[in-house]
Amino acid sequence: MPRDTVKRLQEQLDEAKRRFGPGEDQRVEDVLVRLSHCKFSNAEALIRFHEGLLFLRAYPHGRRILRIVEKELSSFSKRVELLETSSADTSALLHPDISGITHTAVVDTFSYNIVRWLLKLHPSQLKLDWDWFEDEYRLAATWTRFMPLLEEDALVEANVPYVEWLRAAAGRGKGQLAWLIQRFESLSVTNKERAELYDSLKLYVRWAPSYKATRTGMKLPVREVYYHRQPLIQRRDISLRAELESPPPMLKRLPGHRGQAILDLMRETSTVRYRELHGFTHGDQKRVFQTSIGRGVELYIVGVSPGSRLPLRAYHAAMIFKNGVPVGYFEGISLFERMESGFNLYYSFRDGETAWLYARTLNIFSHLLGVTAFSLDPYQIGFENEEGIESGAFWFYRKLGFRPTRPELLELTRAEEKKMSRRPSYRTSKAVLRRLAAAPMIFELNESTVGDWDRFQVRGLGLAVQRRMATRFGGDAKKIRAASVEKVARMLGIRVREWGEVELSALSDFAVVLELIPELSRWTDSERQAVVRIVRAKAGVDEARYLKLMQQHGRLRAAMIKLGSCSTSAQP
C-alpha cells in the first residue's frame, strides 16, 4: 500500500480513537481493519501504529475492536522483524522515547538493584553490552578484587582486554554478568556500598524482554473490560477541590506474594521505558495496596521498605492501570501535610482522561496520608523540560487550581489569563511558559494555611546542616551525627541502647535537623515526647502513621518550615 495511504489511515485512526459515541466504534474498526492489511515500510509509521493500538487496548470502544487490537499486538513482533530484514532504517525503534516495543531491546547502565532483580527474573534475557562502554580504566579499581593477578595487566599495561579477563574468570556455562554480580554480593560491605561500587562502573546491560514484559504485551488480567461508549472526561469537567473532598475508594492490602508480583510488573514497566523510580526499586512487598476508581482503572500503591526510606520525607508511589494496561505512575514525597507530587501519564495515553486520573489519584493519597497541600517541582511544569513546555503542562495544572509560589510569577499568570479572556485565540508563548516554569506550583485544600509552604524546600534543611557541619565539625559527617544524636537524645530523654538499628538510623537523620531548632530544649515534655514518637514511626512499618503524627505537631511543623524557607535562618 502506498506510503501516503498508510499515513492518511493513521491520521484517521488518531482522530477516531479519541471520539466515543454512536457510530464511532464502526469508524475505528474500519480504519483498524484497513491498517491491519498494510505493510509498514518505515519505523516511524510502525511506531505510530503501535502507539495507536496501545491506546485502543486501554480505551476500547467495544469487544470487536479489542479483539482486533489484541490480535495485532500479539503478532507485532513479525512486523518488527519484517522491517529489520528490509533495507529500512530501524534505529527509531531503539529511541528511549518509544522503547519497549516487542522484538527490541533496551540498553542502559541499570542500577545494581535493578540488575540483580532482572537476573533473578529474566537471567537468559540479559547480557553486558560492551559497544556502549566508554571508560575501561575505572574497571581496574574494582575488578582486581575478583580476579587474581589482574593488577599485573591493569596497573601497568595499555589496552587491557578486560572482556577477555572476565570471560576467563566467569568460565563456561555461566553468564559473565551473573558471575560479576555474584562477586559483588560476596563483598563484606553493606548492600548500599555494593550498589555504589557497582554503579560507579557504569556498565551497560542489554535486556531483550519477552513479549509479556514489553510495552506491547504488558497487561494485567481483568475480570471485566470497561468499554467507552460516551465521550471521555475532559479537564473542564473536573473540580480538583470537589474530587479531593469526595470519599475515597476502598483500599485492599495485597498478600506478600501478590505484592511482589505487582512490584515486579512495576519495575518491568519502568525499566523498559528507561525509568527507575525509588519506590518501585525499593518497594515493600508487604505494603502494596490495590484500589479501583471506576471506568476500568485500578491503582496499585506501594510504600518503601524501612531500610531504604528517605531521611525526612515519606515516599509513596503508585502505578495506574486502565483495563489492565499500565498507563502511568505517580509518586508522592511528603512532609507534614505537604506532598510533592509527580504524575506521569505515558505518552501513548495522554489523549485519555488525564485530569480525572490525576484528581482521583490525589484523592486517594490525601485520605491515605492526610496530605492537603500538593506541590509541583518546576520540572513537572517545564523547567529544563521541553516536553512539559510543548504539552502546556503549566496551564494543565493552573486550570485545576494550582498557583505559582512566587508572587511575580503569580502576577504574570494573571496577566496571561486576562489576555486569554479578552482574546480566546491567544496562546502563551514558549518563552513565557519557560518563565512561568521557573518555580514550584502548589494547590492547598486547607485555606487557613495558604502560603505556609511557598518558600520551603527540603534542600534548605540539608544545606543548613552542611553549613553547620563545615563550621563546627570540620566537614566530618560522622562527628556531626554523633554529636547531634547525643545532644538530641539527652533533650528528648531517649535511651539509645534500647533502640534498634533502623530506629537509630532515623534518629541520626532527624537529630542533625532537630539540633538546628534553638528552642527545642524549651519545648514541653509532651511536645518532646511527640517528637520521639515521630522518629520511631519513621522506622515503623507504615510511613502513613509517621506523617499523621507529624501533622499533629504544630510546633515542629513551624520550626521545619522556618528552617527550610529561609537560608539565613539556618546559619550556625
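The values are calculated or read from the model by the stated rules, or taken from the named source; none is laboratory data. No experiment lies behind these values; they were computed from the predicted model shown. Ideal geometry is used to build each Cβ from the backbone, glycine not excepted, and the neighbour counts take in all protein chains shown.
Could you please let me know if T471 is modelled with pLDDT of 95 or more, surrounded by 13 or more Cβ atoms within 10 Å (Cβ to Cβ) and among the hydroxyl-bearing types (S, T, Y)?
Details: modelled with pLDDT of 95 or more: yes; surrounded by 13 or more Cβ atoms within 10 Å (Cβ to Cβ): no; among the hydroxyl-bearing types (S, T, Y): yes.
So T471 fails the test.
Would it be correct to say that P247 is exposed (fewer than 12 other Cβ atoms within 10 Å of the Cβ), at pLDDT 95 or above, of a type outside the set (V, I, T) and within 27 Å of G303 (Cβ to Cβ)?
Spelling it out, P247 is indeed exposed (fewer than 12 other Cβ atoms within 10 Å of the Cβ), at pLDDT 95 or above, of a type outside the set (V, I, T) and within 27 Å of G303 (Cβ to Cβ).
Kindly indicate whether any position in the stretch 357-364 is surrounded by 21 or more Cβ atoms within 10 Å (Cβ to Cβ) and part of a loop (DSSP other than H, G, I, E, B).
No: the stretch 357-364 contains no residue that is surrounded by 21 or more Cβ atoms within 10 Å (Cβ to Cβ) and part of a loop (DSSP other than H, G, I, E, B).
Here's the yes/no breakdown for (1) assigned to a loop (DSSP other than H, G, I, E, B); (2) in contact with a Pro (Cβ under 7 Å, 6 or more places away or on another chain):
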| position | (1), (2) |
| --- | --- |
| Y227 | yes, yes |
| E243 | no, no |
| Y274 | yes, yes |
| V288 | no, no |
| I301 | no, no |
| L312 | yes, no |
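Check E134 against each of (1) within 24 Å of T271 (Cα to Cα); (2) of a type in the set (D, E); (3) more than 30 Å from the chain's Cα centre (by Cα) and name the one condition it does not meet.
So the condition that E134 fails would be (3).
Within the stretch 393-441, how many residues turn out to be farther than 18 Å from F343 by Cβ, part of a helix (DSSP H, G or I) and free of Cβ contacts under 8 Å to residues at least 40 places away in the same chain?
Residues flagged as farther than 18 Å from F343 by Cβ, part of a helix (DSSP H, G or I) and free of Cβ contacts under 8 Å to residues at least 40 places away in the same chain within the stretch 393-441 amount to 19.
Name the residues in the stretch 126-160 that are assigned to a helix (DSSP H, G or I) and under 24 Å from E193 (Cα atoms), would you? Even if it seems obvious, please write down each step before you answer.
First pass over the stretch 126-160, keeping only residues assigned to a helix (DSSP H, G or I): 137-143, 150-154.
Within the stretch 126-160, Y137, R138, L139, A140, A141, T142, W143, L150, E151, A154 meet the criteria.
Do you know which residues across the stretch 366-411 are closer than 10 Å to L433 by Cα and touching a strand residue (DSSP E or B) at 6+ places or on another chain (Cβ under 8 Å)?
Answer for the stretch 366-411, where residues must be closer than 10 Å to L433 by Cα and touching a strand residue (DSSP E or B) at 6+ places or on another chain (Cβ under 8 Å): I381, F394.
Being surrounded by 18 or more Cβ atoms within 10 Å (Cβ to Cβ) and either free of Cβ contacts under 8 Å to residues at least 40 places away in the same chain or of a type in the set (V, I, T) (or both) is the filter here, so list the residues in the stretch 381-392 that pass it.
Selection gives I381, I389.
Which of (1) touching a Phe, Trp or Tyr at 6+ places or on another chain (Cβ under 7 Å); (2) in a helix (DSSP H, G or I); (3) farther than 30 Å from V450 by Cβ does G279 not meet, given it meets every other one?
(3)
Could you list, in sequence order, the residues of the stretch 61-104 that are within 21 Å of L265 (Cβ to Cβ) and either buried (at least 19 other Cβ atoms within 10 Å of the Cβ) or in contact with a Ser or Thr (Cβ under 9 Å, 6 or more places away or on another chain) (or both)? Lay out the reasoning, then the answer.
Within the stretch 61-104, the subset within 21 Å of L265 (Cβ to Cβ) is 66, 69-70, 73-74, 76-77, 96, 98-104.
Selection gives V69, L73, S74, F76, S77, I98, S99, G100, I101, T102, H103, T104.
Which of the numbered conditions does G307 fail, given that it passes all the others? Conditions: (1) under 16 Å from the mean Cα position of the chain (by Cα); (2) in a helix (DSSP H, G or I); (3) not β-branched (V, I, T).
(1)
Name the single residue, out of those in the stretch 112-131 being farther than 17 Å from E185 by Cβ and of a type in the set (S, T, N, Q), that is farthest from the chain's Cα centre (by Cα).
S124
Condition first: small (G, A, S) and touching a helix residue (DSSP H, G or I) at 6+ places or on another chain (Cβ under 7 Å). Now tell me which residues in the stretch 436-461 satisfy that. Can you show your working first?
If we filter the stretch 436-461 for residues that are small (G, A, S), which is where we start, we get 437-439, 448, 451, 460.
Result: A437, A438, A439, G460.
Condition first: under 19 Å from Y329 (Cβ atoms), basic (K, R) and touching a residue at least 12 places away in the same chain (Cβ under 8 Å). Can you find one or more residues in the stretch 357-366 that meet it? Even if it seems obvious, please write down each step before you answer.
Step one: of the stretch 357-366, the residues under 19 Å from Y329 (Cβ atoms) are 357-366.
Still in the running and basic (K, R): 360.
If we keep only those that are touching a residue at least 12 places away in the same chain (Cβ under 8 Å) as well, we get 360.
Yes - at least one qualifying residue is present in the stretch 357-366.
Taking V513 as meeting all but one of (1) in contact with a helix residue (DSSP H, G or I) (Cβ under 9 Å, 6 or more places away or on another chain); (2) surrounded by fewer than 19 Cβ atoms within 10 Å (Cβ to Cβ), write down the number of the exception.
Here V513 meets the rest and fails (2).
Can L463 be described as within 30 Å of F402 (Cα to Cα) and either surrounded by fewer than 16 Cβ atoms within 10 Å (Cβ to Cβ) or of a type in the set (D, E) (or both)?
Details: within 30 Å of F402 (Cα to Cα): yes; either surrounded by fewer than 16 Cβ atoms within 10 Å (Cβ to Cβ) or of a type in the set (D, E) (or both): yes.
Yes: the conditions hold for L463.
Looking at this structure, is R172 farther than 19 Å from K322 by Cβ, modelled with pLDDT under 95, in the same structural domain as S111 (by TED's automatic domain parsing) and among the basic types (K, R)?
On the way: farther than 19 Å from K322 by Cβ: yes; modelled with pLDDT under 95: yes; in the same structural domain as S111 (by TED's automatic domain parsing): yes; among the basic types (K, R): yes.
Considered against the rule, which asks whether it is farther than 19 Å from K322 by Cβ, modelled with pLDDT under 95, in the same structural domain as S111 (by TED's automatic domain parsing) and among the basic types (K, R), R172 comes out as yes.
Take the residues in the stretch 30-60 that are charged (D, E, K, R) and over 19 Å from S348 (Cα atoms), then tell me which one is surrounded by the most Cβ atoms within 10 Å (Cβ to Cβ). Steps first, please.
Step one: filter the stretch 30-60 for residues charged (D, E, K, R), giving 30, 34, 39, 44, 48, 51, 57.
From what's left, over 19 Å from S348 (Cα atoms): 30, 34, 39.
On the way: D30: 14, R34: 16, K39: 12.
Among those that are charged (D, E, K, R) and over 19 Å from S348 (Cα atoms), it is R34.
For W130, all conditions in the list (1) within 29 Å of A158 (Cβ to Cβ); (2) in the same structural domain as C38 (by TED's automatic domain parsing) hold save one; what is the number of the exception?
Every listed condition holds for W130 apart from (2).
Within the stretch 189-197, does at least one residue satisfy the condition of being modelled with pLDDT of 95 or more and crowded, with 17+ Cβ neighbours inside 10 Å?
Yes, there is a match, as at least one residue in the stretch 189-197 is modelled with pLDDT of 95 or more and crowded, with 17+ Cβ neighbours inside 10 Å.
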